[in-house]
């Protein structure tokens, strides 16, 4: 018993490891040797290339391409039509297989619709990449970035709210009431909050 659901139009190649409770929707292609955690949702017309690793509860919206070299931790959100690249200097006539750059997306990060993540640039935990952003550098945890090329414009809570820090470098999430600290250009969640 496979323990996951795949729509009849989805193609799931041999050698995939797919967790219990995961759903794979219309016209998606899951290629060999990828690992997809439990309770993921793979939208329609998604391509997941060989060797890709997705953690638990990853939400992949429609028309997303996840190429070899990408790993996503638990609770990552990949918005509609966003894309990862895996070669810095692609040319049709030059075979660069085996030269794929790696990209890691940290736990709880969200990547908005139509965003592009240029390979080799990791996305920190709970970072928030705005719709249409083009990421060309590594993004710190909790960062809010937008634009082309993307630029950091603030910080986000784990619940997806913009954080407003006071003079002491503290901010409170309006939904969870958790306290965040901004020190030396990095945000952390205050323990016990």
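See the values below:
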item: Unique residue being outside the structural domain of residue 179 (by TED's automatic domain parsing), under 13 Å from the mean Cα position of the chain (by Cα), surrounded by fewer than 20 Cβ atoms within 10 Å (Cβ to Cβ) and over 28 Å from residue 26 (Cα atoms) when the list is 124, 98; result: 124
item: Residue among 158, 170 that is in contact (Cβ under 8 Å) with a residue 40 or more places away in the chain, surrounded by 13 or more Cβ atoms within 10 Å (Cβ to Cβ) and touching a strand residue (DSSP E or B) at 6+ places or on another chain (Cβ under 9 Å); result: 158
item: Lone qualifier among 141, 81, 150 - being under 21 Å from residue 48 (Cα atoms) and outside the structural domain of residue 187 (by TED's automatic domain parsing); result: 81
item: Residue among 114, 148 that is in contact with a strand residue (DSSP E or B) (Cβ under 6 Å, 6 or more places away or on another chain), part of a loop (DSSP other than H, G, I, E, B) and either modelled with pLDDT of 95 or more or crowded, with 22+ Cβ neighbours inside 10 Å (or both); result: 148
item: In region 122-145, the residues that are under 15 Å from residue 182 (Cα atoms) and not in a loop (DSSP other than H, G, I, E, B); result: 143, 144
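The values are calculated or read from the model by the stated rules, or taken from the named source; none is laboratory data. Fair warning: this is a prediction, and the values are worked out from it, not measured in the lab. Glycine gets a Cβ as well: all are built from the backbone with ideal geometry, and neighbour counts include every protein chain shown.
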